[in-house]
Amino acid sequence: MSKAESFDIVSRVNMQEVDNAINQTNKEISQRYDFKNSKSEVTLEDGNLKIVADDDFKLRSVIDILQSKLIRREVPIKNLEYGKVEEASGGTVRQLIKLKQGIDTDTAKQIVKDIKNLKIKVQSQIMDDQVRVSGKSRDDLQEVIGFLKQQEYNQDLQFTNYR
């Protein structure tokens, strides 16, 4: 009798790498000539990124710098959810960027539905903020992983605990 194989589908952001990217972004802002005498900065508050800048143009520049640092550190920018740009004190603007950790319920249901539509002999179940897929054949599991990598869920998916 063969035992069941399984893997988990998760969506996580490495917070240490995010912190490193924020530090690099703030350092670059302090050194760049076009940000001289600027109040622009990026901070991490309650798992969200808060960007403060002098105006919309500088805010876009700070976001571009931050995204390049995140990409370089292999942090998925698909997991960033941008809030609206708000007026802040002192004539500045700010924007909150939420970091998506875990798979939300609607996306998890869509993943499970897509896996069932494949007609492969695997079972998938939602467990908190992740989806576990199990089956008897490793080939079936790898086929599911290959299929999910081709799909677009507005979130970066990682495949862990492959056993």
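Can you tell me which residues in segment 12-47 are touching a strand residue (DSSP E or B) at 6+ places or on another chain (Cβ under 9 Å), more than 19 Å from SER89 (Cβ to Cβ) and outside any helix (DSSP H, G or I)?
Within segment 12-47, ARG12, VAL13, LEU44, GLY47 qualify.
Can you find, within segment 48-62, the residue that is surrounded by the most Cβ atoms within 10 Å (Cβ to Cβ) among those that are charged (D, E, K, R) and in a helix (DSSP H, G or I)?
This residue is LYS58.
Go through segment 1-42 and report how many residues are under 17 Å from the mean Cα position of the chain (by Cα) and farther than 30 Å from TYR162 by Cβ.
Final tally of qualifying residues: 1.
So which residues in segment 149-163 are surrounded by 15 or more Cβ atoms within 10 Å (Cβ to Cβ) and either free of Cβ contacts under 8 Å to residues at least 24 places away in the same chain or not in a loop (DSSP other than H, G, I, E, B) (or both), if there are any at all?
PHE159
Could you pull out the residue among GLU86, GLU45, GLU81, GLU74 that is among the acidic types (Asp, Glu), touching a helix residue (DSSP H, G or I) at 6+ places or on another chain (Cβ under 8 Å) and not assigned by TED's automatic domain parsing to the domain that holds GLY135?
After applying the criteria, what remains is GLU74.
Quick test of your reading of the structure: ASP106 fulfils all but one of (1) farther than 25 Å from LYS39 by Cβ; (2) surrounded by 15 or more Cβ atoms within 10 Å (Cβ to Cβ). Name the failing condition by number.
For ASP106, the exception is condition (2).
Could you tell me which numbered condition GLY146 fails, if it satisfies all but one of (1) free of Cβ contacts under 8 Å to residues at least 24 places away in the same chain; (2) surrounded by 13 or more Cβ atoms within 10 Å (Cβ to Cβ)?
Just one mismatch for GLY146, condition (2).
Do the conditions hold for LYS113, that is, is it more than 30 Å from ARG163 (Cβ to Cβ) and at pLDDT 90 or above?
No; evaluated as a whole, the condition is false for this residue.
Within segment 1-46, restricting attention to residues that are among the small types (Gly, Ala, Ser) and in contact (Cβ under 8 Å) with a residue 24 or more places away in the chain, which residue is farthest from VAL75 (Cα to Cα)?
Once the filter is applied, the top-ranked residue is SER2.
I want to confirm something. Restricting to segment 63-96 and keeping residues that are part of a loop (DSSP other than H, G, I, E, B) and over 12 Å from the mean Cα position of the chain (by Cα), which single residue is modelled with the lowest pLDDT?
ALA88
I'd like the full set of residues that are closer than 30 Å to LYS50 by Cβ, out of contact with any strand residue (DSSP E or B) (no Cβ under 8 Å at 6 or more places or on another chain) and outside any helix (DSSP H, G or I), limited to segment 98-146.
Selection gives GLN101, ASP104, ASP128.
The values are calculated or read from the model by the stated rules, or taken from the named source; none is laboratory data. None of the values given here were measured: they were computed from a predicted structure. With ideal geometry, Cβ positions are generated from the backbone for all residues, glycine too; neighbour counts draw on all protein chains shown.
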